[in-house]
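K.L.:
Below: one structure in structure tokens.
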Amino acid sequence: MRLSAVRDRSGGLGVADTITANGDGADAPAYAAVKEGWPIIAGVVALALPLGALDRRLIWPPLLLAGAIAGFFRDPRRVTPPDDDCIYAAADGIVLDVDEVDEPWFLGGRGLRIVTFLSLFDVHINRTPVAGRLVRVRHIDGGYAPAMNRVGAEENERQLLAIDGARGPLVVVQVAGLLARCIRLWVAPDAALRAGQKIGMIKFGSRTDVIVPHGTAHALVIKGDRVRAGLTPLARYEAITTA
């Protein structure tokens with residue numbers, strides 16, 4: 001994968017840097033996702049007012065659209081099962097691929113990658129797959145190819161989150177898409193994370209990758225499986241053997 005305009009950063013946490021970057025594993029409040037979508041929702045509702053003045057029937061299309069957009073920013077309550085051997089889904093959606101890739105930035109070698117595609121109708125909130133600590137954040141500029149395009153999307157804008165978990169390092173990749181052009185991070189570098197904690201969102205779909213070092217875990221899902229963030233086990237760590 002070719003990387004362009006790469007920069008490491010610790011700032012730029014988006015809407016919730018003052019309410020979620022607390023480092024104690026606490027979830028972002030429920031209104032964090034709604035706050036991300038509020039400017040869009042308010043703009044569509046405002047459009048209904050002049051249209052309604054012209055004809056009452058014209059008020060309904062923008063109001064229905066506003067309701068649909070509000071649904072994209074929903075934040076269902078999730079309780080992640082306490083299993084440190086499991087690597088849970090970081091996003092809701094369909095497993096687009098299970099493969100191996102080179103990940104030199106944090107893992108320093110080959111890794112098992114599980115790619116999840118988020119449609120417009122999926123929950124857009126990302127959750128951490130394991131408990132640990134967010135040690136690094138890296139933003140990579142790129143394009144906005146459709147996320148379903150496996151080849152083209154490899155050059156898309158993305159944000160890499162390096163997590164130092166109890167069972168080893170792990171990388172979560174938030175990938176922008178054709179419509180998803182806004183990636184948000186809700187936790188600060190060096191924050192302590194619990195498994196299933198809300199860590200950010202990608203507005204209007206796209207994809208999320210989870211990468212673990214080669215040989216440390218085996219996949220529990222296959223291409224085409226539907227997963228839910230913080231609830232569906234994507235992979236399980238290999239048993240620790242003692243001499």
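The values are calculated or read from the model by the stated rules, or taken from the named source; none is laboratory data. From a predicted model like this one, the values you see are computed outputs, not experimental measurements. Backbone-built Cβ (ideal geometry, glycine too); neighbour counts: all protein chains shown.
K.L.:
Within the bounds of segment 194-201, is there any residue that is surrounded by fewer than 22 Cβ atoms within 10 Å (Cβ to Cβ) and closer than 21 Å to Pro213 by Cα?
P.N.:
Yes, segment 194-201 contains at least one residue that is surrounded by fewer than 22 Cβ atoms within 10 Å (Cβ to Cβ) and closer than 21 Å to Pro213 by Cα.
K.L.:
For segment 42-63, what are the residues that are out of contact with any helix residue (DSSP H, G or I) (no Cβ under 8 Å at 6 or more places or on another chain) and among the small types (Gly, Ala, Ser)?
P.N.:
Scanning segment 42-63 gives Ala42, Gly43, Ala46, Ala53.
K.L.:
To continue, here is another question. Could you please tell me which pairs satisfy a Cβ distance under 7 Å, a separation of 6+ or placement on different chains, a first residue in segment 125-144 that is free of Cβ contacts under 8 Å to residues at least 40 places away in the same chain, and a second residue that is part of a strand (DSSP E or B)?
P.N.:
Correct list of pairs: Gly143/Asn156; Tyr144/Asn156.
K.L.:
Hey, His139 hits all of (1) assigned to a loop (DSSP other than H, G, I, E, B); (2) modelled with pLDDT under 95 but one; which does it fall short on?
P.N.:
Exception for His139: condition (1).
K.L.:
Please go through segment 185-201 and pick out each residue that is closer than 17 Å to Gly230 by Cα and of a type outside the set (A, V, I, L, M). Show your work before the answer.
P.N.:
Our first condition is that a residue be closer than 17 Å to Gly230 by Cα; within segment 185-201, this holds for 185-187, 192-201.
Across segment 185-201, the qualifying residues are Trp186, Arg194, Gly196, Gln197, Lys198, Gly200.
K.L.:
Still on this structure, please answer the following. Give the residue, chosen from Val101, Val171, that is at pLDDT 90 or above, more than 17 Å from the chain's Cα centre (by Cα) and not in a loop (DSSP other than H, G, I, E, B). Break it down into steps so the answer makes sense when it comes.
P.N.:
Working: Val171 fails: more than 17 Å from the chain's Cα centre (by Cα).
That would be Val101, the only listed residue that is at pLDDT 90 or above, more than 17 Å from the chain's Cα centre (by Cα) and not in a loop (DSSP other than H, G, I, E, B).
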